[in-house]
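Participant: Below you will find the structure I want to go over with you.
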Amino acid sequence: MKKLNILLVTVLSLVFLNGAFAQDGLPIPGYPASRDYPGAHLTPDANTEYKVVFDFAMADDNLDDPYPMLPLLARYVNTLANLGVPKENRKIAVVMHQGSGLIGLKNDQFKARNNGKDNPNIELIRQLHQAGVTFHLCGQGVLARGIEESDLLDEIQVDYWALTTLIELGRQGYVKIGG
């Protein structure tokens with residue numbers, strides 16, 4: 001019986017440690033991958049190229065908190081990585097328009113437009129970009145808000161118009177989430 005208990009403790013320790021180690025190597029630190037569901041019918045396939053565009057659109061009346069879709073995006077990136085989908089198969093884009101475009105401002109510019117408050121999104125945007133996520137900002141919104149490209153984080157690309165970006169990415173086979 002004692003040997004069985006030792007074996008059980010050893011097996012359980014390995015199971016729990018493997019889960020902890022699996023989280024360590026994720027592209028976005030501090031954000032978990034989705035939990036495993038044994039026997040799930042559909043799961044990401046490591047050999048598939050995932051083309052996903054997240055449509056970020058929101059009013060700009062509350063920018064004090066991190067943009068709510070960014071943690072979901074971090075979890076999605078980490079889930080794909082955790083399930084073995086290599087970076088080159090994770091084609092993930094974000095199209096920002098309406099108030100969401102302001103999350104891409106450098107901190108000094110964000111503070112100037114948001115009552116002196118810091119931009120809570122900068123670090124996560126940088127981590128996501130490093131993990132391969134591209135950020136597209138609506139050029140029409142940039143013009144309407146008087147934003148200069150020098151006001152933006154280096155990770156932000158300004159496109160002609162969010163609508164044309166969404167259409168072009170859709171034409172390239174990207175699946176749209178949100179919006």
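Throughout, read-outs are computed from the coordinates displayed, never taken from laboratory work. Note that the structure is a prediction, hence the values are computed from the model and not measured. All Cβ positions, glycine included, derive from the backbone under ideal geometry; neighbour counts span all protein chains shown.
Participant: Across the chain, how many lysine pairs, 8 or more apart or on two chains, come within less than 23 Å at their alpha-carbon atoms?
Facilitator: Total qualifying Lys-Lys pairs in the chain comes to 6.
Participant: May I ask you to evaluate 6.51 cos²θ - 1.76 cosθ + 1.60, the Karplus curve with θ = phi - 60°, for each residue of region 146-152 and list the ³J(HN,Hα) values in order in whole Hz, giving x for glycine and proline?
Facilitator: Couplings: x, 8, 9, 4, 5, 7, 9 Hz.
Participant: Quick check: the angle from helix 162-171's long axis to the longest principal axis of the chain, C-alpha only, nearest 10 degrees?
Facilitator: 50
Participant: Evaluate the Kirkwood expression for the hydrodynamic radius of region 50-178, namely the inverse of the mean inverse distance over all pairs of different C-alpha atoms, and round to one decimal in Å.
Facilitator: After inverting the mean inverse Cα-Cα distance, the result is 14.8 Å.
Participant: For Tyr37 and Tyr50, calculate 0.36 nm times their separation in residues minus their Cα-Cα distance, and state this gained length in nm to one decimal.
Facilitator: Working it through step by step, the gained length comes to 2.6 nm.
Participant: Under 1.5 on a/c is rounded, so check that first for region 45-106, then, if it is not, pick prolate when a/b is larger than b/c and oblate when it is not; a ≥ b ≥ c are the square roots of the alpha carbon gyration tensor eigenvalues.
Facilitator: Prolate, since a/c reaches 1.5 and a/b exceeds b/c.
Participant: Same structure again: About its Cα centre, how strong a charge dipole does region 50-178 have in debye, to the nearest 20, once Lys and Arg get +1 and Asp and Glu get -1 at the Cβ?
Facilitator: Roughly 500 debye, rounded to the nearest 20.
Participant: May I pose another question? Taking the chain as the reference, fit the longest principal axis to its C-alpha atoms, fit the long axis of helix 69-82 to the helix C-alpha atoms, and give the angle between the two in degrees, 0 to 90, nearest 10.
Facilitator: That helix lies at roughly 40 degrees to the long axis.
Participant: Let me ask you something else. What is the dipole size for region 61-107, taken about its Cα centre, with +1 at each Lys and Arg Cβ and -1 at each Asp and Glu Cβ, in debye to the nearest 20?
Facilitator: 320
Participant: Classify region 116-174 from the C-alpha gyration tensor, please: rounded if a/c falls under 1.5, else prolate or oblate depending on whether a/b exceeds b/c.
Facilitator: Oblate shape, in that a/c is at least 1.5 and b/c is the bigger or equal ratio.
Participant: To check you understand DSSP bridge types, tell me what percent of the beta bridges within region 50-178 (both residues inside) are antiparallel, rounded to 5.
Facilitator: Just about 5 percent of them are antiparallel.
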